[in-house]
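All remarks here apply to the structure that follows.
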Amino acid sequence: MKTFFVLSCSVLSLIAFGCSSLTLSPVHYQWPVESVLSVDGKGNVEEPRNFIAFNVKPLLFEETGDSVHVSGVELRIIRDVDGYYFMTAPKFKNVYVFASDEGKLKLEKKIVVSETGMASPAFNQDKEGRPYIHLLNGKEKPILLSKSGIQQGGQK
Amino acid sequence: MKTIRQSIILAIAVMMVSAVSFAQEQSDYEISQSFNKSYKELSKAIETAQTVQECAEISVNIDALEKEYMPHKALLDKTLYPDDFQKKLDMVRGQLAYAQNKLGIIQEAVTKIAALEVQVKELSSQVEKLSNENGALLKEIQTLRASNAQDQKTVDSLNALVAKLRSNISARDKMIFAMVDSIFMQYDKNIEGLNDVEKQKVASHIERNSVIGNIKKSIVDNVVFLESTSLTGKDLATIVSEQKKFAAEWKGLGPKLAVIYVAQKDRAKEVNTVDTMLTAWGAKVDAALWNTLNRLFTKHNLTVKPFNDGNEFVANVIGFIDDEIQNANQRTEVARSEVYSVFVDSVWNGELTATWMPLLQSNSIVTETQFGQIKAKVDVWRSSVEPGHTTLYVIIALVVLVVLLLLYRRMKKTPKPPVV
């Protein structure tokens, strides 16, 4: 009886342990193409295709020191293979990398990419399957980014 | 040392490759957006299409869209989800087929006109390419001329550039009129039989391919070429023939365009502008022709009076020969003979009969009779500077007689052998 009880407990605890450590990997979070979102008067953006919506006022304040005149800003956003969101906009000097958390986006890294602000930034996924995001700015040489910073091009 | 050199070469190669690769990187978002925009425009065009020509043009544009975006298929397959690239093309082709069916347009007619439209597009892009190339060639020629370098290498490259430019200009002229032909062939009816709406559509078709703009550009380039190169008789033969061909083509096209643009005064004015430009080009070709021909005589110090047309040319050349014959007694035989030799060897045989006379005769500038008159005059001149045949025979006869006489005397003087 005692042996049966011990065995049952062991099996149950194994099942419970197994359930809690179940993982599916690898997961590819990457968006095939960036989204260009127009910020409304309240600082909100909504991405209908990938279903994400958030308020960017703190981000705009961080970049420009202005969280009032936010309407019409064209936010460019892309998600990399690991699920990090890369965001920037015209005139920005930085690219912001966010990690998703429960009901929020947490800043992972602020990457300085331009001293004067970018005229026409755009994001591309890496065509060769590397885990990088390409940052384009007009005719400038693309900068390869990861969540930890610049990997190639620009100033590391 | 070798390793350093190899490293430098490798570094340069890497830099070149990376420069090319980054120069080619486009924003995926822009590619996707621009595909969607073009797609929507095509779809909208199908909704408003009324004629077989419009349907054919849309069909060609769908093919062009497919060709342009095929390299981005993988990207578009993802961004167009739940559709994909091929599905989108099938959808728009289906939409076109439905519209054609509704309008009672036969697919065969669309295919036939679409083939002509493909030709128009190809010719149009080739014309554009040649125009850019010609602009660059002309600049190179002007820079080389401005450098005043006389070395063989510069002269050779200049000649090569001029030859290339001449051939490019000629090719572009042909393409422009071939393109116009392909446009008009799409409209079966006589141009005058088209109603106002149809005329408007032909006009916008012509506009889209910048027909008048290209014709004007072609004339300007031809004139600039004429002014920036020194020409020989052979060059002028080609140039005169090109100008005549161009004028003849325009003679056929101009009235058609005037009918098409009857309701558009601005465009009708453009047709008149081409007429004026063409006349000015013709006058410049004429001037270049007479300048070059006048230079042919002055270059060899032959005092033929300047001329500006065919009749003056014939009269002044004959006048020059007459003077040479009449003033024969005032100069030494050697001097007269030298002028005659220069004229006959360097001008008459070297250039006039071989190059200029065929050019002048084929363009009805000088008649065969006039050519015969000059030729006859040259013969008279020859007999005045060279000894005539009779004189020559008399001289030969005298020489033979003298020789025979000498032989006879010698034989007479020879002692007879003693008789044994």
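The values are calculated or read from the model by the stated rules, or taken from the named source; none is laboratory data. From a predicted model like this one, the values you see are computed outputs, not experimental measurements. Note: ideal-geometry Cβ built from the backbone for every residue, glycine included; neighbour counts use all protein chains shown.
Could you check how many residues of the range A:34-54 are of a type in the set (D, E, K, R) and within 18 Å of residue A:64 (Cα to Cα)? Walk me through it before giving the result.
Going through the range A:34-54, the residues of a type in the set (D, E, K, R) turn out to be A:34, A:40, A:42, A:46-47, A:49.
Keeping just the survivors that are within 18 Å of residue A:64 (Cα to Cα) gives A:40, A:42.
Total satisfying the criteria: 2.
Among residues of the range B:235-259 that are within 10 Å of residue B:285 (Cβ to Cβ), those with a beta-carbon under 7 Å from a residue that is surrounded by 15 or more Cβ atoms within 10 Å (Cβ to Cβ) and of a type in the set (Ser, Thr, Tyr) at least six positions away or on a different chain give the pairs B:236/B:292; B:242/B:170.
Is it true that some residue in the range A:113-120 is assigned to a loop (DSSP other than H, G, I, E, B), within 14 Å of another protein chain (Cβ to nearest Cβ) and either within 17 Å of the chain's Cα centre (by Cα) or surrounded by fewer than 20 Cβ atoms within 10 Å (Cβ to Cβ) (or both)?
The first filter runs over the range A:113-120 and keeps only residues assigned to a loop (DSSP other than H, G, I, E, B), leaving A:113-120.
If we keep only those that are within 14 Å of another protein chain (Cβ to nearest Cβ) as well, we get A:118-120.
With the extra rule that they be either within 17 Å of the chain's Cα centre (by Cα) or surrounded by fewer than 20 Cβ atoms within 10 Å (Cβ to Cβ) (or both), the set shrinks to A:119-120.
Yes, because at least one residue in the range A:113-120 is assigned to a loop (DSSP other than H, G, I, E, B), within 14 Å of another protein chain (Cβ to nearest Cβ) and either within 17 Å of the chain's Cα centre (by Cα) or surrounded by fewer than 20 Cβ atoms within 10 Å (Cβ to Cβ) (or both).
Residue A:124 satisfies every condition listed in (1) touching a helix residue (DSSP H, G or I) at 6+ places or on another chain (Cβ under 7 Å); (2) under 17 Å from residue A:58 (Cβ atoms); (3) of a type in the set (S, T, N, Q) except (2).
Return yes or no: is residue B:16 modelled with pLDDT under 95 and within 14 Å of chain A (Cβ to nearest Cβ)? Quick ask: steps written out before the conclusion?
Details: modelled with pLDDT under 95: yes; within 14 Å of chain A (Cβ to nearest Cβ): yes.
It is true that residue B:16 is modelled with pLDDT under 95 and within 14 Å of chain A (Cβ to nearest Cβ).
Remark: pairs (first residue in the range A:34-56, of a type outside the set (S, T, N, Q); second residue exposed (fewer than 10 other Cβ atoms within 10 Å of the Cβ); Cβ separation under 7 Å; 6+ apart in sequence or on different chains) = A:39/A:72.
Is it true that residue A:95 is β-branched (Val, Ile, Thr), over 19 Å from residue B:30 (Cβ atoms) and more than 14 Å from chain B (Cβ to nearest Cβ)? Answer is no for this residue. Taking the listed residues B:50, B:119, B:86, the one that is surrounded by fewer than 19 Cβ atoms within 10 Å (Cβ to Cβ), polar (S, T, N, Q) and at pLDDT 95 or above is B:86, with no other qualifying.
If you take just the helices (runs of 4 or more DSSP H) that sit entirely in the range B:51-107, which of them hold at least 2 residues that are more than 39 Å from the chain's Cα centre (by Cα)? Before you say what the answer is, go through the steps one by one.
Values: elements: B:52-69, B:73-79, B:85-103.
The helices (runs of 4 or more DSSP H) meeting that bar are B:73-79, B:85-103.
Residues of the range A:101-112 include at least one that is more than 14 Å from every other protein chain (Cβ to nearest Cβ), buried (at least 21 other Cβ atoms within 10 Å of the Cβ) and not in a loop (DSSP other than H, G, I, E, B).
Pick out, from the range A:1-86, the strands (runs of 3 or more DSSP E) lying fully within it that include 1 or more residues that are closer than 22 Å to residue A:112 by Cα, at pLDDT 95 or above and within 14 Å of chain B (Cβ to nearest Cβ). Show your work before the answer.
Values: elements: A:35-38, A:44-47, A:52-55, A:74-79.
Where strands (runs of 3 or more DSSP E) fall fully within the range A:1-86 and carry at least 1 residues being closer than 22 Å to residue A:112 by Cα, at pLDDT 95 or above and within 14 Å of chain B (Cβ to nearest Cβ), they are A:35-38, A:74-79.
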